[in-house]
Amino acid sequence: MAVTAPETTATETPKSRRLAWRPWLLRLVLAAASGFVFYLSFAPRPLWWLAPIGFAGFAFVLRGRRLWGGLGYGFVFGLALYLPLLTWLEDFLGVEFGPWPWLGLSAALAAYLGVGGALCTLAARLPWAPVWMSMVIIATETPRTWWPLGGFPWGRVAFSQPEGAYLPLASIGGAPLVGFAVVLTGFAVPALVARLRRRDWRRSVLPAVAVVLPVVAGLALWPTIGTGAQTGSLTVATVQGNAPDAGLDLMEESATIRANHLAQSERLAQEIHSGAVAKPDLVIWPETATQLAGPDPVLDQAVADLGVPTLIGAIDLPQGGGHPQNSEIVWDPATGPGERYSKQELVPFAEYVPARAIAQWVTPFIDTTSDMTPGNRPAVLDVAGTKVATPICYEVAYDNVARDAVDLGAQLIVVPTNNAWFGQSEMSYQQLAMARLRAVEHSRAVVVSATSGVSAIVAPDGSITQSTSEFTAASLVGRVPLRDTTTLSDRLGAWTEYGQVGAALAAVLAGLGIRLRTRRAGAEDTRATGAG
């Protein structure tokens, strides 16, 4: 039997068949470029407006795609975001440890956006598709905050918005609403462009509203963001003692870090006594600036010299054995250590090591550290005559830690942190951006006290009033307002997040139902045509 070549139709030439692969390649390039544009919106760059542009590009990629295409393009979009965003892991681990932890974490986080892209192809079948697709993308942030190993909230959409038009929305619905608004602006662009190209002016109204409304709503809320003192004010001071820029070798430098912070406290005390700076009501040491294993006469003397209550960040080694805790301790100049808060959200593979036999492939701490014990009480302390929220370092990325403290009456938020591990990378600035979002979300001033920078005093509108440089010894002294207002975000709590997750799930199920009905209808038409 002779084999004949397939016929070439009038619209399909051999050349066009050879070029048929190009559309998917162009979409792949656009997905990667859009993810990188989204990355550029994160601190330290003040380019918040790039985030919706990145999602607009991603939405063009997803337009008309099916499930597996959405999965693949979403994964590429996520990789292009997380690989550059998390390069500070390489600064931490160093070249001798290899790139695998950085690559593995980036791929794991990108997988969530891959799933989001896949589910968006189902939600795209619904009326008002950009709304439901945006909810799907933000809904993927919830499980990755929980799982695996306590989750990793870094790189949430809202954390790209420490300033700009969308930030005031944090006072209404926190990080979930800010993220939704950013994604909706971008995701509505393809629908608007398509209808404008067809000159379908009437049907262009809804996508145009979806593009513009989040920005207008955010700008309209700016006048409602209060910054004034409501229950008095405090003069606060930070102690940034500095640390060697040594990466992993910082494990051997705990004595140096303690000595540096004692020395900077002494300089601050001299400035206070000479009148060079105002006497603070509260002094704040950063996270893990010292180790404690019982009475500490040297710290007693340092705080007595300062003459005011001091929050001491310490690795708290229990007497009589047991696991250490990462704690912030109220140290009185007369009576010494008192109330303390211990970190609840521990960093996996750093502050505790799950599955140690496997973990040796991804963590340098396997043989040199014991697991820390998480705290079991809210992050709020009574100090200097007021209640202070004290989320420690990594905890500022979790919505519940600061929110629970504010619900219990905290009038000021303090974020002690130790970012010396990560070198002169973007990590400290990314974390500061989260603190600025929390300021607006809870209508509270925020004081970031870092071991080696960046320390900062942040007003309740998210603006930075003072800050330090990285890897310098310095102190900040400034007046901050105490506020007891309750934002709508605080009143709604986690319901904003769970509401979006529920709506996203409903949209995905509805889209799946439409897809199945369409498939059945197509199969029936095919059978009817064949029977005819």
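What the table below lists for this structure:
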{"read-out": "Any hit, the stretch 180-187, residues being of a type in the set (S, T, N, Q) and either within 18 Å of residue 74 (Cα to Cα) or touching a residue at least 40 places away in the same chain (Cβ under 8 Å) (or both)", "value": "yes"}
{"read-out": "Filtered residues of the stretch 367-380 (kept if more than 22 Å from residue 489 (Cα to Cα) and either acidic (Asp, Glu) or not in a loop (DSSP other than H, G, I, E, B) (or both))", "value": "367, 371"}
{"read-out": "Any chance residue 298 is assigned by TED's automatic domain parsing to the domain that holds residue 271 and in contact with a Gly (Cβ under 9 Å, 6 or more places away or on another chain)", "value": "no"}
{"read-out": "Filtered residue count, the stretch 460-494, keeping only those that are part of a loop (DSSP other than H, G, I, E, B), surrounded by fewer than 19 Cβ atoms within 10 Å (Cβ to Cβ) and among the aliphatic types (A, V, I, L, M)", "value": "2"}
{"read-out": "Residue 462 within 21 Å of residue 158 (Cα to Cα) and touching a Leu at 6+ places or on another chain (Cβ under 6 Å)", "value": "yes"}
{"read-out": "Residue 63 vs. criteria modelled with pLDDT of 90 or more and within 30 Å of residue 219 (Cα to Cα)", "value": "yes"}
{"read-out": "In the stretch 72-89, the residues that are in a helix (DSSP H, G or I) and under 17 Å from residue 42 (Cα atoms)", "value": "77, 78, 79, 80, 81, 82, 83, 84, 85, 88, 89"}
{"read-out": "Evaluation of residue 248 against (1) in contact (Cβ under 8 Å) with a residue 40 or more places away in the chain; (2) assigned to a helix (DSSP H, G or I); (3) more than 17 Å from residue 420 (Cα to Cα); (4) under 27 Å from the mean Cα position of the chain (by Cα) (one fails), failing number", "value": "(3)"}
{"read-out": "Unmet criterion (only one of (1) at pLDDT below 95; (2) over 18 Å from residue 403 (Cα atoms)) for residue 183", "value": "(1)"}
{"read-out": "Qualifying position, being free of Cβ contacts under 8 Å to residues at least 60 places away in the same chain, of a type outside the set (A, V, I, L, M) and in a strand (DSSP E or B), among 319, 291, 301", "value": "291"}
{"read-out": "Members of the stretch 61-71 found to be part of a helix (DSSP H, G or I) and either touching a Leu at 6+ places or on another chain (Cβ under 7 Å) or farther than 30 Å from residue 433 by Cα (or both), listed by number", "value": "61, 67, 68, 69, 70"}
{"read-out": "Residue that is surrounded by 24 or more Cβ atoms within 10 Å (Cβ to Cβ), in contact with a helix residue (DSSP H, G or I) (Cβ under 7 Å, 6 or more places away or on another chain), under 17 Å from residue 327 (Cα atoms) and not hydroxyl-bearing (Ser, Thr, Tyr), where the choices are 446, 415, 440, 406", "value": "415"}
{"read-out": "Every residue from the stretch 90-120 that is over 16 Å from residue 156 (Cα atoms), free of Cβ contacts under 8 Å to residues at least 60 places away in the same chain and in a helix (DSSP H, G or I)", "value": "90, 95, 96, 102, 103, 118, 120"}
{"read-out": "Of all residues making up the stretch 208-245, the number that are at pLDDT below 95 and assigned to a helix (DSSP H, G or I)", "value": "0"}
{"read-out": "Residue match in the stretch 139-149 (condition: among the acidic types (Asp, Glu), over 16 Å from residue 436 (Cβ atoms) and out of contact with any strand residue (DSSP E or B) (no Cβ under 8 Å at 6 or more places or on another chain))", "value": "yes"}
{"read-out": "Count of residues meeting criterion [among the acidic types (Asp, Glu) and in a helix (DSSP H, G or I)] in the stretch 381-433", "value": "4"}
{"read-out": "Per-region count, the stretch 121-139, residues assigned to a helix (DSSP H, G or I) and of a type outside the set (Val, Ile, Thr)", "value": "9"}
{"read-out": "Identity of the residue in the stretch 269-286, surrounded by fewer than 24 Cβ atoms within 10 Å (Cβ to Cβ) and in contact with a helix residue (DSSP H, G or I) (Cβ under 9 Å, 6 or more places away or on another chain), that ends up farthest from residue 306 (Cα to Cα)", "value": "276"}
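The values are calculated or read from the model by the stated rules, or taken from the named source; none is laboratory data. Every value quoted in this text rests on a predicted model; they were computed, and no experiment measured them. Cβ sites come from the backbone with ideal geometry, for glycine too, and all protein chains shown count toward neighbours.
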